[in-house]
Amino acid sequence: MKRILVTGGAGFIGSHLCARLLNEGHEVICLDNYFTGSKANVEHLRNHPRFELVRHDVINPYIVEVDEIYNLACPASPIHYQYNPIKTVKTSVMGAINMLGLAKRVGAKILQASTSEVYGDPAVHPQHEEYWGNVNTVGVRSCYDEGKRCAETLFMDYHRQNKVRIKIVRIFNTYGPNMHPNDGRVVSNFIVQALRGEDITIYGTGQQTRSFQYVDDLIEGMTGMMNCDDSFVGPVNLGNPDEFSMLELAEKVIALTGSKSRLVYRPLPADDPRQRKPDISLAREQLNWSPKVKLDEGLTKTIEYFKGVVSGT
Ligand code: NAD
Ligand code: UDP
């Protein structure tokens, strides 16, 4: 049994990770400031004897004796990370410094939840880990993209300079139960709009592409990365290489919900990447990992979850 700290543990991905780690028999400390996460996401875990929930902001130091740290604290949806962009940079950069400092002090292994956004609007397709990216340093997405890029730098420097045991995963678009209904990300938006019979908002022409990974596949990859040999630090892409345009996604959601919703077109947000698809050869080779859940199956499970959310609102 290990004692494991999960920052951002009350968020969408964090809540699934906490549940998985408890199921494996570990002690879990879930730390969150509830900016985009909620106690409701981990309500089912709160009476678990090996689970602790702590309100804390990662921009401030936190000290606890742990064996492993999963650093997930950071808003992930464009509307949330752009709400207070300075705070987003602080969360990524100061959060990384504080958690790496803790890892160094207590000798913990630490995993960073990085992102496909480090590739920006990619000029290389699909994206492999050696690609350095195409990121605007002064745009509206920069607070998130550059914050996450700087966090990767800090992780590598703590590793090289202080021998901290690190792991970096670059997560591609992930969806599933526990996403916030007003989170603004495309999968939750389309499903909620379809279930409510509201217009489905396509930004731009809808020809831009993303590759959607179901959350269970991601959790398998993240825990696999944490538990593999210390010599493999990453960064490693974790995503589903099946690529869809936003129009194709909207059509799937309409078909699976049986909705009568219409498609409406809205302006494309600034710096919105035109395409995104992971090259996952490194994860296959080093972690023996590949995603198992097809989009239709994952969407069906996510729609079931949102039916409960929508009927309760
Ligand atoms: P989320 O917004 O649901 O979860 C983030 C959690 O971090 C929330 O619970 C939030 O309250 C908490 N948080 C934010 N700022 C904090 C702070 N300063 N101190 C403490 N807690 C703080 O998002 P998510 O989708 O679960 O993403 C989790 C992590 O994975 C993030 O680091 C995100 O950048 C990364 N990621 C997610 C995706 C995706 O598609 N979901 C893709 C790439 C990377
Ligand atoms: N998008 C859309 N309609 C929405 C929300 C998002 O067409 O209601 C588009 C958005 O412009 C982007 C894609 O869907 O091209 C994915 O957006 P999301 O915010 O989920 O993630 P990210 O852009 O960070 O990959």
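The values are calculated or read from the model by the stated rules, or taken from the named source; none is laboratory data. All values derive from a computational prediction rather than experimental measurement. Glycine gets a Cβ as well: all are built from the backbone with ideal geometry, and neighbour counts include every protein chain shown.
Here are a few things to note about the model shown:
- Among (1) over 15 Å from the mean Cα position of the chain (by Cα); (2) more than 10 Å from ligand 1 (Cβ to nearest atom); (3) at pLDDT 95 or above, the one test that Pro122 misses: (3)
- Within the range 3-16, restricting attention to residues that are touching a residue at least 60 places away in the same chain (Cβ under 8 Å), in contact with a Gly (Cβ under 7 Å, 6 or more places away or on another chain) and part of a loop (DSSP other than H, G, I, E, B), the residue that is nearest to ligand 2 (Cβ to nearest atom) is Gly11.
- Which listed residue, of Val164, Val135, is over 23 Å from Ser231 (Cβ atoms) and either of a type in the set (A, V, I, L, M, F, W, C) or in contact with a Lys or Arg (Cβ under 8 Å, 6 or more places away or on another chain) (or both): Val135
- Subset tally (residues that are within 11 Å of ligand 1 (Cβ to nearest atom) and of a type in the set (D, E, K, R)) for the range 181-240: 3
- Subset of the range 17-40 [within 14 Å of ligand 1 (Cβ to nearest atom), of a type outside the set (D, E, K, R) and not in a loop (DSSP other than H, G, I, E, B)]: Leu17, Cys18, Ala19, Ile29, Cys30, Leu31, Ala40
- Of everything in the range 17-36 that is surrounded by 20 or more Cβ atoms within 10 Å (Cβ to Cβ) and in contact (Cβ under 8 Å) with a residue 60 or more places away in the chain, the residue that is farthest from Asn60 (Cα to Cα) is Leu21.
- Exclusive hit being among the β-branched types (Val, Ile, Thr), within 11 Å of ligand 1 (Cβ to nearest atom) and modelled with pLDDT of 95 or more, set Val54, Val64: Val54
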